[in-house]
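Single-structure report; data block below.
FYI, it's all coordinate maths here, none of it is from the lab. Bear in mind the structure is a predicted one, so any value in this text is a computation, not a measurement. A quick note on method: Cβ atoms are made from the backbone with ideal geometry, for glycine too, and the neighbour counts reach across all protein chains shown.
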Amino acid sequence: MRIASRLLALALPCLVPLGAAAEMTDNVIKIGVLNDMSGLYADLGGMGSVEAAKMAAEEFGGKIGNAKIEIVFADHQNKPDIGSGIATKWYDVEHVDAIVDVPNSGVALAIAKVTADKNKVFIDSGAATSDLTGKACTPNTVHWTYDTWALANGTGNAVVKAGGDTWFFLTADYAFGKALERDTRAVVEANGGKVLGSVLHPLNTTDFSSFLLQAQASKAKIIGLANAGGDTINSIKAASEFGIVQGGQKLAGLLVFLSDIHALGLKTANGLQLTSAFYWDHDDMTRAWSKKWGARMNGRMPTMVQAGVYAGVLHYLKALKALGADGDGKAVVAKMKALPTDDPAFGKGTIRADGRKIHPVYLYEVKKPSESKGPWDYYKLIKEIPTAQAFRPLEQGECPLVAAKK
Amino acid sequence: MNTLFGVPIQALFSQLLVGLINGSFYALLSLGLAIIFGLLNVINFCHGALYMLGALVAWVLLEHLGVGYWAALIISPIVVGLFGVVIERTMIKRIQGLDPLYGLLLTFGLALVIQGVARNYFGVSGEPYDIPAQLTGGKNLGFMFLPNYRAWVVLVSVLVCGLTWFVTERTRLGSYLRASTENPVLVQAFGINVPRLITITYGLGVALAALAGVMAAPIYRVNPLMGADLIIVVFAVVVIGGMGSILGSIVTGFGLGVIEGLTKVFYPEASTTVVFVIMAIVLLVKPAGLFGRTA
């Protein structure tokens, strides 16, 4: 009897923290959507990502057990210092449990670090840099939708194989552009192609004619656009005006979103090849989900980033439900990796040890105006890149998490 | 012989030309700003937003009313100019005589409101606006392919700048304008309606911004942020040229376009900052600007 009570007294302090961990902290699951709400990336993520996150929360009836699911959002203005400031405040003061979306690789790398320091959860959809699951991987990050390696592997490969063996890059002058150029350069060179030159342009440039003239002077067959959003739109528009394509050179948009094509119009954009992990008109499931999203967004159709936010939040909530707790970010991400993923936007998939979400990606070509049946009918499928080849092999990423496991 | 500082001469020529094209927009916009500052002493921070509004009106005309580019070139500046008159009559008028800071705050606030409303309705990616059929295509100049539309932009810009300079420097209306800048009380004593002159000037300055907006629509996209991207550079142009100096803003507008173009060849990473570096240097050496008069 005495021994038993002593044992119990010893065991109790151990049991209490365990009991506390096994529930939702403060009875609220708070998810913060952090992205560009007002600048050049606002249409590919922005409020559309917030709606997507809300749709995932609604599928759980707005709560798990007794814990309410709450979605908050903020604008990082594409500035890493503002982004990490918001993240720190969210985590420390406002009890946010997970941050999602975060386009702009510069900001995303900063958020990955803050999240790991605070042991929360970071599910990235908008950023491209493959370093998030490479050198900069953390046990708290999941990179959902796409990355620079997948883009390079998809578009780069296809273009080189179609005979585009000399390249000139127009590269956005920050983490993302440089990562995309690096990964594409590797693909081009591995396939026997040659890179003749590149030019770094500042983020959010309005006039690309100078840069395009340099690309033209290089006589490269392919002008690779290692930029995104408004920058890609302006590059393609100026290229069409300056007769780059008529001159025999071809453009390769390495990261092109549905919203970019919408802004360009099919007349300017047709024939462009691009890699995407999601297209609304892919199958019945994506169509049904996209229409639901569109009904909340003035009839627009979602980009892959917005679909990725939805799917990422959905899987996060599934993991929380299975785990019954949201306090320990590492444990939640470990659970996310352990559970297979399944959602209407990306189908069935998995999350790898380095945090990379794995699913097929697709090579599309932008339709001619005559081929399009109506608004938002923009892409035709060229080929599917199966899961096994879509993303960088685990062992090539230099992710310390993977090395530690060996 | 074929290279200069390691850059092929041909590339240099084409960059000079491209710089001139961009300079046309700087010149058109800074011209309006200079006129407004000269007479109203208001730093018109909503100039960029009104430039965007000019493009947006052209897009709405085309998309919803079927009115094409050529008509928009006239209608849009009138519509936006009238909007400017309303702004001046209802708001800017009330802060006259106060510290210029109030004008800056008011117009900056207006810019945010106009941009915010436009963003809410149109998103940030913008809407496509085609080059008018008569101006599509281009000419091969040997060293570069010059799109007809860009040549047209330079032409119009030079004409408009020249016309504005002529009106302010060589006509009676211009002499009233210049006199009211110097001493509004005295001019009013001669029986000239200075408040009306001020309203007209503001309307005209704004109409110039809208004209630049329509000209820009086919080159860039019509998007709510197009003005915000440009306005800071244009302000630098006005400061370098000398606040309120019309000739200064025209010359600096074209000149800075060219310098920026050249920077894009020699050190592209600095192309967005070079204008401000020049501004800092000019302010150190000649605080009133290149063409400004010291007060």
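Worth pointing out:
- Electrostatic dipole magnitude of the stretch A:217-285 [Cβ: Lys, Arg +1; Asp, Glu -1; Cα centre; debye, to 20]: 500 debye
- Range in chain A, longest, excluding exposed GluC sites (Glu not before Pro) [loop by DSSP; at most 15 other beta-carbon atoms within 10 Å]: A:95-370
- Here the protein assembly as shown is assigned +1 on the Cβ of each Lys and Arg and -1 on the Cβ of each Asp and Glu. Its dipole about the Cα centre then comes out at about 160 debye.
- The charge dipole of chain B, taken about its Cα centre with unit charges on the Cβ of Lys, Arg, Asp and Glu (plus for the first two, minus for the last two), comes to roughly 480 debye.
- Folded to 0 to 90 degrees: helix B:194-216 orientation relative to chain B principal axis, Cα: 20 degrees
- Euclidean distance of C-alpha centroids, the stretch A:149-199 and the stretch A:65-144, integer Å: 28 Å
- Among A:Lys373, A:Lys383, A:Lys348, residue whose mean-square fluctuation peaks in a GNM of chain A (springs only between Cα atoms under 10 Å): A:Lys373
- FRET efficiency, 1/(1 + (r/R0)^6) with R0 60 Å, evaluated for A:Glu371 and B:Val285 via beta carbons: 0.50
- Residue order for A:Ile69, B:Ile78, fewest other beta carbons within 10 angstrom first, comes to B:Ile78, A:Ile69.
- Neighbour-count ranking [beta-carbon atoms within 10 angstrom, fewest first] of A:Ser198, B:Ser249: A:Ser198, B:Ser249
- Annotation for the stretch B:189-288: chymotrypsin sites (Phe, Trp or Tyr not before Pro) lying in DSSP loop with at most 11 further Cβ atoms inside 10 Å of their Cβ are B:Phe190.
- Mean residue ellipticity (222 nm) of chain A, computed from DSSP H runs ≥ 4 via -39,500 (n - 2.57), nearest 500: -12500 deg cm²/dmol
- Partner shielding of A:237-244 amounts to 5, given as the average count of beta-carbon atoms from other chains within 10 Å of each residue beta-carbon.
- Under a Gaussian network description of chain B, with springs only between Cα atoms under 10 Å, the residue in B:Gly203, B:Gly19, B:Gly191 that fluctuates furthest is B:Gly191.
- Projecting the Cα atoms of B:Tyr121, B:Leu82, B:Val67 onto the charge dipole of the stretch B:59-149, computed from C-beta unit charges around the Cα centre, puts B:Leu82 farthest toward the positive end.
- Chain B: angle of helix B:69-90 to the longest principal axis, Cα-based, in degrees nearest 10: 30 degrees
- Axial C-alpha extent at least 15 Å, average Kyte-Doolittle at least -1.0 - helices from chain A (DSSP): A:2-21, A:46-59, A:80-92, A:105-118, A:175-190, A:230-241, A:304-323
- Sequence of B:Met91, A:Met47, A:Met304 once ranked by neighbouring C-beta atoms within 10 Å, starting from the fewest: B:Met91, A:Met47, A:Met304
- With contributions of -39500 (n - 2.57) from each DSSP H run of at least four residues, the per-residue ellipticity at 222 nm computed over chain B stands at -24000 deg cm²/dmol.
- Zone residues, the stretch A:82-119, relative to A:Ala325, backbone N less than 12 Å from point 7 Å out along Cα-to-Cβ: none
- Choice from A:Gly154, A:Gly126, A:Gly65 showing the highest fluctuation, given a GNM over chain A with Cα pairs closer than 10 Å: A:Gly65
- Extending 7 Å from the Cα toward the beta-carbon at both B:Val158 and B:Arg196 defines two label points whose distance is 3.7 nm.
- Label positions at B:Leu173 and B:Arg89, each projected 7 Å from the Cα along the C-beta direction, are separated by 1.8 nm.
- Estimated FRET transfer efficiency (A:Val28, B:Phe108; beta-carbon r; R0 25 Å; 0.05): 0.05
- Amide H within-cut-off set for A:Ser198, under 5 Å, with H built and near neighbours excluded: A:Phe169
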